[in-house]
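Only one structure is covered here, and it is reproduced in the block below.
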Amino acid sequence: MTKYKDLLFLKPLPHINKQEKSCYMELLSLYKEHDLCNVQYITQIQPHNFFDTTMIPESRCWVHSIGDVLLYNNTKLDKLSGYPFKFGLFANEILKAPNASPWIFWPRKPLEFYKFLNDHNYLDYNDRLIESIFIGTETIDKRGQGWENSTSFFDLLPLHYNHLQRMKYSYHKYLNLISRSRFGLSLPGVGPKTLRTIEYLGVGTIPILTPGCHYDFYDPIIEGKHYLFADSPDKVSQIIVDTPKEKWQYISEEGKKWFKRNASLYGSFDTTIEILEKHNLI
């Protein structure tokens, strides 16, 4: 993708969007660091009547210029405040419109996640000593509705931990734990997709999606190939029983391939370029 080294991606200043040091903002910085494209801060801030700076177009990421290709990385569409855009790529909740497309998703801390993958070998079925796992905070009520009895390792922290941006485990410890599990439970959060699903796929853990979790990525994940689905807590144990070693190995490998194509450093960039090319935006 060296021909796109001069393609301009714009991102908000840190005081306009406080997600600068995590998620997609960090991924954009990695694109620039690896010379994949040109990334610049939006320094020209127009006067707006919005009290919340996260509602203004200068708080979003763009390709080319503000008003051209919107890279919407927010959890829900509540930050889409009516400003015009030529075309939009949507990472979590998808806008249903002719000028919109599902996009990619990413791990919570891309730089640390990619380093973890580089420094650790994938564990095989027999080396994973945790059968199933969920680690998270109580962002919505649905996470506590019986799911605590569905996995062998379940750790749900109270909601105030999320508000304080505190976690029980360091991110490295969290990655160590999920990479040693055969299955990982994905429960819905604030948005229809969870970073956790991407992290499971990346470390070769099979995601078990539950009601409220969506999977409408540009390159869709497929039930039985990349993930499994449980419509209630009592179904999880049966799904695990119905997934012997050979089937587990197949789904785990396919999940890792999907991650490499769509959520790795180079794969996420290549997929974004593919969408832009498909719609004649570059």
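The values are calculated or read from the model by the stated rules, or taken from the named source; none is laboratory data. What you see is a predicted model; the values in this text were computed from it and never measured. Every residue, glycine among them, receives a Cβ derived from its backbone with ideal geometry; neighbour counts consider all protein chains shown.
Annotations
- Here I273 fulfils each of the conditions (1) assigned to a helix (DSSP H, G or I); (2) of a type in the set (A, V, I, L, M, F, W, C); (3) assigned by TED's automatic domain parsing to the domain that holds Y125 apart from (3).
- For segment 39-68, filtered to residues that are among the polar types (S, T, N, Q) and either over 29 Å from E274 (Cβ atoms) or outside the structural domain of F9 (by TED's automatic domain parsing) (or both), the residue that is modelled with the lowest pLDDT is N49.
- Against the conditions (1) modelled with pLDDT of 95 or more; (2) charged (D, E, K, R); (3) under 15 Å from the mean Cα position of the chain (by Cα), R182 satisfies every one except (3).
- Residue match in segment 205-217 (condition: outside the structural domain of E93 (by TED's automatic domain parsing), surrounded by fewer than 16 Cβ atoms within 10 Å (Cβ to Cβ) and within 19 Å of A100 (Cβ to Cβ)): yes
- Complete set of residues in segment 132-161 that are in a loop (DSSP other than H, G, I, E, B), of a type outside the set (V, I, T) and at pLDDT 90 or above: S150, S152
- Only listed residue being under 18 Å from F105 (Cα atoms), in contact (Cβ under 8 Å) with a residue 12 or more places away in the chain and of a type in the set (A, V, I, L, M, F, W, C), chosen from I273, I240, I282: I273
So that you can scan it fast, the table gives a plain yes or no per residue for (1) of a type outside the set (K, R); (2) out of contact with any Phe, Trp or Tyr (no Cβ under 9 Å at 6 or more places or on another chain); (3) surrounded by fewer than 15 Cβ atoms within 10 Å (Cβ to Cβ):
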position	(1), (2), (3)
T54	yes, yes, no
Y72	yes, no, no
A100	yes, no, no
W103	yes, no, no
P110	yes, no, no
D119	yes, yes, yes
N126	yes, yes, yes
T151	yes, no, no
